[in-house]
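The values are calculated or read from the model by the stated rules, or taken from the named source; none is laboratory data. As the structure is a computational prediction, the values presented were derived from the model and not from experiment. Positions of Cβ are backbone-derived with ideal geometry, glycine not excepted, and every protein chain shown enters the neighbour counts. Just the protein is used for accessible areas: all its heavy atoms, side chains included, with ligands, DNA and RNA removed. Shrake-Rupley method; radii C 1.70, N 1.55, O 1.52, S 1.80 Å.
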Amino acid sequence: MSSGKMAWALQWISTMAVFAVSVSATVHKVGDSAGWTTLIPVDYAKWASSKQIHVGDSLLFEYNTKFHNVLQVTQEQFKSCNASSPVASYNSGADSIPLKRPGTFYYLCGFPGHCQLGQKVEVKVIAGSSSALLGPASGPGPSPSPMGTPFASAPPPSAASTLSYFFSPICLLVAALLYCVCV
């Protein structure tokens, strides 16, 4: 095989590998189609227990800002529905929170009575990533904004987040086939 074709094949394989890695993180919409609300009864504990959430994934809280917010709190604050001094405060209505380290994270709505109605979620983040192509992430967790400070929210999830389990194996298969053809 000519060196030009080999270089092209290697460049294509590299591009596909980068693409596969870029779509591997999963966006978990809290409450699924109901979102973050008290209007529709949502069992957020059941929602969280049905998910495998990994380092590199993100949580998406979608809600009406006139009636809800998202506060990250400690375990003690979570248990007692205490919203007085949160670890972080989010209020955009479409908050995307990246999960950069393993552990258990606690979120609740800070509007009076909402936490007591069940608008709170305990999220367990597993070390590693959603894709075998990514290694374990390291470094600090999210850098949330202090309460009352404006912040930018990440854009809502794209179709790419749902394609990770499709494209990663396909890219690897194509790369293997190209390798066989090139050698």
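One residue stands out among those in the stretch 78-94 that are farther than 21 Å from Lys29 by Cα and outside any loop (DSSP other than H, G, I, E, B): the one that is most open to solvent (accessible area, probe 1.4 Å), which is Lys79.
For Ile97, indicate whether it is in contact (Cβ under 8 Å) with a residue 40 or more places away in the chain and open to solvent by 30 Å² or more (accessible area, probe 1.4 Å).
Details: in contact (Cβ under 8 Å) with a residue 40 or more places away in the chain: yes; open to solvent by 30 Å² or more (accessible area, probe 1.4 Å): no.
Considered against the rule, which asks whether it is in contact (Cβ under 8 Å) with a residue 40 or more places away in the chain and open to solvent by 30 Å² or more (accessible area, probe 1.4 Å), Ile97 comes out as no.
Pairs meeting the criteria (first residue in the stretch 105-130 and surrounded by 16 or more Cβ atoms within 10 Å (Cβ to Cβ) and of a type in the set (Ser, Thr, Tyr), second residue modelled with pLDDT under 95 and not in a strand (DSSP E or B), beta carbons under 8 Å, at least 6 apart or on different chains) are Ser129/Ser24; Ser129/Ala25; Ser129/Gly135; Ser129/Pro136; Ser129/Ala137; Ser130/Ser24; Ser130/Ala25; Ser130/Ser164. Residue count for the stretch 58-75 satisfying the condition of being touching a strand residue (DSSP E or B) at 6+ places or on another chain (Cβ under 6 Å) and not polar (S, T, N, Q): 7. Scanning the stretch 27-77 for residues that are of a type outside the set (S, T, N, Q), closer than 23 Å to Arg101 by Cβ, assigned to a loop (DSSP other than H, G, I, E, B) and open to solvent by 20 Å² or more (accessible area, probe 1.4 Å) returns Lys51, Gly56. As for the stretch 5-23, it holds no residue that is at pLDDT 60 or above, closer than 23 Å to Ala127 by Cβ and within 14 Å of the chain's Cα centre (by Cα).
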